[in-house]
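The values are calculated or read from the model by the stated rules, or taken from the named source; none is laboratory data. Just so it is clear, the model here is predicted, and its values are computed rather than measured. So basically every Cβ, Gly included, is an ideal-geometry build from the backbone, and we count neighbours across all protein chains shown.
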Amino acid sequence: MIADRLALAMPATPSEEYLQPYRRALKRHGVSFESTLWRSREGQLLRFDIMIDLAGFEDCIVTDVGCGRGDFAARLLERRIPFRHFIGIDALPEMIRAAKARGLARSDFHLHDVLADPKALVTAAPDGSPPDYLCFSGTLNTMDENIARRLVKMAFLAARQGVLFNYLSDRHHRRFADDNLDPARRFDTLAWLDWAMDLSSRVSFTQDYLDGHDATILIHHDDAD
């Protein structure tokens, strides 16, 4: 069973340190755009659009890990993407309550910390179907890089078609060299690409949309349609 394989993939309960910046932001700002830790709405939407353009999501069940207030689901609906169902997962109850309150079409939201409970990655749509794609947009930024890689691999195992994620790239334009990213961190882009290509031959990558500040990788299963 895929759920059992996921449970074995993260044998020790990891630290919740990656959640602390979000909890501090919630305490300071309440449930708001600022508490998602995005710097700008434009940057958030651009990252969503890159993911949509890479995967398409037509007739797909899409799971967003670290969904916050459900902004990705709202963007899919705004762009009239014909996805089948959206599943949002977040570890913070305030975010899940806010997402549910929006009443977004074809969307469900669930409270889970997937690092503590990896089986939550296979949360099914109402018709019992598992996710086609698991997505992380901004979710990895406060994680240790090794933990983030293990999480992405678990998501890849859980997805029928593939995993899609963005992160802050270390191969950025020099104008970003002195940026204070705290509490976020940059990842080793070449190492991530090499690792992704060990998982599958079907890897898509782009980081031209923000001059290398951000990167997006899509890993399709070799046998996916």
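Observations on the model:
- Residue check, residue 160 within 14 Å of the chain's Cα centre (by Cα) and over 27 Å from residue 42 (Cα atoms): no
- Residue tally, condition in contact (Cβ under 8 Å) with a residue 12 or more places away in the chain and closer than 16 Å to residue 183 by Cα, over region 24-40: 6
- Condition met for residue 87 (at pLDDT 95 or above, touching a helix residue (DSSP H, G or I) at 6+ places or on another chain (Cβ under 7 Å) and at negative phi): no
- Test result for residue 222, surrounded by fewer than 14 Cβ atoms within 10 Å (Cβ to Cβ) and touching a Lys or Arg at 6+ places or on another chain (Cβ under 9 Å): yes
- Close pairs from region 99-127: first modelled with pLDDT under 95, partner among the β-branched types (Val, Ile, Thr) and surrounded by fewer than 16 Cβ atoms within 10 Å (Cβ to Cβ), Cβ under 6 Å, at least 6 apart: 116/13
- Condition met for residue 222 (without any contact (Cβ under 8 Å) to a residue 24 or more places away in the chain, under 30 Å from residue 129 (Cβ atoms) and either in a loop (DSSP other than H, G, I, E, B) or among the aliphatic types (A, V, I, L, M) (or both)): yes
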